[in-house]
1. Report whether or not B:GLU218 is more than 14 Å from every other protein chain (Cβ to nearest Cβ), within 21 Å of the chain's Cα centre (by Cα) and in a helix (DSSP H, G or I).
2. Can you tell me which residue in segment A:171-191 is farthest from A:ALA131 (Cα to Cα), limited to those that are assigned to a loop (DSSP other than H, G, I, E, B) and either within 13 Å of another protein chain (Cβ to nearest Cβ) or in contact with a Gly (Cβ under 9 Å, 6 or more places away or on another chain) (or both)?
3. Right, B:TRP258: within 14 Å of chain A (Cβ to nearest Cβ) and crowded, with 22+ Cβ neighbours inside 10 Å or not?
4. With respect to A:SER324, determine if the residue is among the polar types (S, T, N, Q) and in contact with a Cys (Cβ under 8 Å, 6 or more places away or on another chain).
5. In the set B:SER361, B:SER323, which member is hydroxyl-bearing (Ser, Thr, Tyr), over 19 Å from the mean Cα position of the chain (by Cα) and assigned by TED's automatic domain parsing to the domain that holds B:THR241?
6. Identify, please: which residue in segment B:82-123 is within 24 Å of B:TRP267 (Cβ to Cβ) and of a type in the set (D, E, K, R) and is, among those, surrounded by the fewest Cβ atoms within 10 Å (Cβ to Cβ)?
7. I'd like the full set of residues that are among the polar types (S, T, N, Q) and in a loop (DSSP other than H, G, I, E, B), limited to segment A:192-215.
Protein chains: 2
Amino acid sequence: MNDASRTYSPEETGAFVETFAIEPMAEGPLTGLRFAVKDLIDIKGHKTSCGNPTWRDTHPEAAANAVCVDQLLWAGAECLGKTVTDELAFGLDGENHFYGTPLNPKAPDRVPGGSSSGSASAVACGLADFALGTDTGGSVRVPASNCGIFGLRPSHGFVSVAGVNPFAPTFDTVGILAGTCETLIRAASVLLSCEVPDTAETGTIHLVEEAFTLCDREVKMALAQPVEALKHIFRGTVEPTSITEVVGERADKPLQKWYETYCKVQWAEIWSCLGGWVETAQPKFGPRVKVNFELTRILNRGEVQAAVRRREGYYRRLSGFMSSNDLLCLPTAPSVAPLKGSLGMDRTACDYYPRALSMTSIAGIGRLPQVTLPVAEVNGIPIGLSLLGAHGSDAFLLAAARRLLRATPPLLEK
Amino acid sequence: MNDASRTYSPEETGAFVETFAIEPMAEGPLTGLRFAVKDLIDIKGHKTSCGNPTWRDTHPEAAANAVCVDQLLWAGAECLGKTVTDELAFGLDGENHFYGTPLNPKAPDRVPGGSSSGSASAVACGLADFALGTDTGGSVRVPASNCGIFGLRPSHGFVSVAGVNPFAPTFDTVGILAGTCETLIRAASVLLSCEVPDTAETGTIHLVEEAFTLCDREVKMALAQPVEALKHIFRGTVEPTSITEVVGERADKPLQKWYETYCKVQWAEIWSCLGGWVETAQPKFGPRVKVNFELTRILNRGEVQAAVRRREGYYRRLSGFMSSNDLLCLPTAPSVAPLKGSLGMDRTACDYYPRALSMTSIAGIGRLPQVTLPVAEVNGIPIGLSLLGAHGSDAFLLAAARRLLRATPPLLEK
């Protein structure tokens with residue numbers, strides 16, 4: 001399915017809401033790179049649709065760039081356009097009822113993943129060197145995994161979200177999708193204002209047992225070789241770890257409580273952020289997003305405090321467990337990209353969303369940075385392997401990813 | 001000036017935008033406590049004015065409580081009303097052109113401080129046991145200091161800001177103002193979902209030299225006795241420290257670069273968050289706030305990346321320097337509350353704002369929690385002493401504050 005030499009026009013990909021050319025404001029470390037911006041992030045003089053026509057119609061054009069966009073333009077990068085997002089960022093699939101489904105060039109019959117769907121598609125199709133996305137519960141990591149590219153969810157609170165539409169602020173981050181690890185590192189070095197070391201002397205790398213249990217058998221098999229490479233390169237420091245034991249709980253359905261905890265906090269925050277607009281503007285939503293917002297509206301808010309308490313408990317146990325040079329390793333997603341149109345209307349009733357969010361919630365709950373690496377395929381369809389670092393260790397995490405990739409060039413040949 | 005036995009009606013204080021009684025949703029750890037909410041934080045069914053009539057007129061009523069409000073109601077507290085804020089939270093003075101200046105009962109001829117002016121006034125006047133405020137650049141800490149009460153700015157990212165109007169998200173926090181340290185701890189334990197230990201075994205407590213240099217001589221003198229008490233209680237661990245040296249810079253005007261760094265990032269974020277509304281709604285602002293927004297609009301955004309770089313550099317040096325049980329100690333504000341009407345129109349031209357923000361920016365830039373304690377007075381006018389902990393050490397910081405206060409009862413007798 002995948003023809004790496006193929007070139008695409010923006011129109012063919014369906015990745016863009018709008019294309020243009022905003023020149024760099026200065027020469028800098030990103031000179032020569034072109035980036036796209038998820039249409040949840042403000043660009044001066046343009047409307048931010050957040051993937052929903054009613055939102056677009058009920059909000060003025062942006063008076064300023066989001067701070068993250070300005071950082072990139074002043075560092076020498078050129079901005080190419082705005083990319084399709086799941087409505088209000090509420091989805092991991094990338095099937096937008098109004099704006100369509102951006103092309104997953106590695107698997108055209110499958111979804112690109114969302115909510116940073118167009119950003120992933122634009123990068124995977126070679127139209128942009130990197131793209132800005134947002135990641136609340138996996139919206140950079142999952143599309144990066146689905147489309148076979150690199151993705152970073154930074155530590156919460158380290159990349160400015162000013163000018164980015166709030167969704168669930170406790171978990172909201174601005175992340176990066178990129179075609180190569182070095183491009184990811186260049187863009188991240190600007191947004192995080194850090195220097196990424198040439199290599200990383202890691203402590204223990206924990207293979208999160210529950211996440212490997214949760215993913216499809218074929219995903220686990222496809223990741224076996226990269227995991228072996230990891231063990232070889234970081235000799236003697238890679239070991240299986242039960243995250244359930246780390247946080248001092250007894251085994252349940254793997255990561256079930258992480259999933260429930262994440263959803264309750266997220267849904268409460270979504271309705272607090274967007275409920276006023278929903279009730280006032282009475283927006284048209286696609287059918288799946290309509291169901292999603294109804295879940296946030298009817299949430300029993302008496303359950304929120306228990307979820308916050310569990311979240312902070314998990315966070316503290318995990319922080320206490322991980323040294324600043326330790327890493328976690330897990331599959332980025334439970335499966336390769338689902339077939340288009342295969343996901344049901346109710347996210348809680350299907351199998352994909354609960355499994356995916358169970359795995360992605362670790363970074364959100366733990367306030368951890370996560371990088372996903374396109375190091376495996378299942379029958380030619382990409383699947384990512386993720387490394388997570390301690391809170392605030394983004395530069396170190398990226399250095400570890402660089403070390404892994406540099407030592408195993410075959411991982412890059414797909 | 002201060003008559004501790006005096007009781008006030010809400011009207012006399014000018015602290016409230018609106019009073020009501022929202023009953024607790026359940027029994028819990030806050031049963032029996034009554035709280036007020038800064039009018040920048042959503043309460044279901046009410047409009048959030050953000051201290052500005054145009055904002056009020058251009059936004060719908062809230063469809064849900066902010067998550068932090070729900071946390072308190074479900075933990076047993078009763079909500080009394082919404083309190084006056086500086087417009088859009090843009091100020092440290094508490095003189096709102098439209099909603100007036102809430103009473104500072106300890107110094108009626110002086111400002112209460114802002115932007116959580118009404119929250120501080122309501123607590124200081126004994127109308128609420130505690131109140132929610134927001135603190136971006138000092139908006140909880142400064143009014144708590146001015147009004148002689150306790151205040152907490154939590155670690156960034158640990159109390160939900162969902163349903164709280166974004167201002168400068170990199171620095172925005174929801175904080176607490178309270179009449180006693182134990183009430184502060186009870187409310188914080190709910191919002192942060194943590195248990196505050198009975199006491200704290202601290203490492204080194206660093207007296208931040210530059211902050212003591214920056215404050216008025218009379219403030220330094222007034223704080224000498226509490227600082228001596230600190231040295232006595234935490235014997236052998238309290239020492240003067242130059243924060244300029246910690247971050248590896250050469251001395252300039254004390255904390256001048258911290259101030260400039262903070263302002264550039266904050267102003268860029270404010271305009272990214274609110275510029276679209278300002279340009280579309282063409283709001284009426286009070287004269288001082290009008291000047292403030294103009295500063296954010298005309299900011300040279302080419303300077304933002306250098307400010308972000310310096311901020312992250314300061315953060316990393318400070319994180320590396322502080323152990324998890326170390327504290328910083330500094331005056332909360334450079335002076336007691338200014339006289340009403342004494343502050344000029346241009347915040348950058350006056351003396352008060354640059355000095356205050358220089359001191360408050362340490363917590364913002366460092367992502368550190370800060371608690372201010374009403375342990376001193378200058379001629380009967382309150383001034384706070386602050387303790388700051390490492391990022392995420394909020395429970396430990398509060399335990400250290402408790403230990404200090406418990407060991408020195410005279411500090412509480414004012």
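1. Values: more than 14 Å from every other protein chain (Cβ to nearest Cβ): yes; within 21 Å of the chain's Cα centre (by Cα): no; in a helix (DSSP H, G or I): yes.
No.
2. As a first pass, look at segment A:171-191 and keep what is assigned to a loop (DSSP other than H, G, I, E, B): A:171-173, A:179-180.
When the remaining residues are screened for being either within 13 Å of another protein chain (Cβ to nearest Cβ) or in contact with a Gly (Cβ under 9 Å, 6 or more places away or on another chain) (or both), the result is A:171-173, A:179.
Details: A:PHE171: 20, A:ASP172: 17, A:THR173: 14, A:GLY179: 9 Å.
Across segment A:171-191, the extreme among qualifying residues is A:PHE171.
3. Details: within 14 Å of chain A (Cβ to nearest Cβ): no; crowded, with 22+ Cβ neighbours inside 10 Å: yes.
Judged against the criteria, B:TRP258 is not a match.
4. Values: among the polar types (S, T, N, Q): yes; in contact with a Cys (Cβ under 8 Å, 6 or more places away or on another chain): no.
So A:SER324 does not fit the description; no.
5. Values: B:SER361 fails: over 19 Å from the mean Cα position of the chain (by Cα).
Result: B:SER323 is the single residue among B:SER361, B:SER323 that is hydroxyl-bearing (Ser, Thr, Tyr), over 19 Å from the mean Cα position of the chain (by Cα) and assigned by TED's automatic domain parsing to the domain that holds B:THR241.
6. B:GLU95
7. Within segment A:192-215, the subset among the polar types (S, T, N, Q) is A:193, A:199, A:202, A:204, A:213.
Of everything in segment A:192-215, those that are among the polar types (S, T, N, Q) and in a loop (DSSP other than H, G, I, E, B) turn out to be A:SER193, A:THR199, A:THR202, A:THR204.
For (1) surrounded by 24 or more Cβ atoms within 10 Å (Cβ to Cβ); (2) touching a Phe, Trp or Tyr at 6+ places or on another chain (Cβ under 6 Å); (3) of a type in the set (Lys, Arg), each residue gets a yes or a no:
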{"residue": "A:GLU312", "(1), (2), (3)": "no, no, no"}
{"residue": "A:TYR315", "(1), (2), (3)": "no, no, no"}
{"residue": "A:SER324", "(1), (2), (3)": "no, no, no"}
{"residue": "A:PRO354", "(1), (2), (3)": "no, yes, no"}
{"residue": "A:PRO369", "(1), (2), (3)": "yes, no, no"}
{"residue": "A:THR372", "(1), (2), (3)": "yes, no, no"}
{"residue": "A:ASN379", "(1), (2), (3)": "no, no, no"}
{"residue": "A:ALA399", "(1), (2), (3)": "no, no, no"}
{"residue": "A:ALA407", "(1), (2), (3)": "no, no, no"}
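The values are calculated or read from the model by the stated rules, or taken from the named source; none is laboratory data. Not measured: the values here are computed from a predicted model. Please note: Cβ atoms are built from the backbone with ideal geometry, for glycine as well, and neighbour counts cover all protein chains shown.
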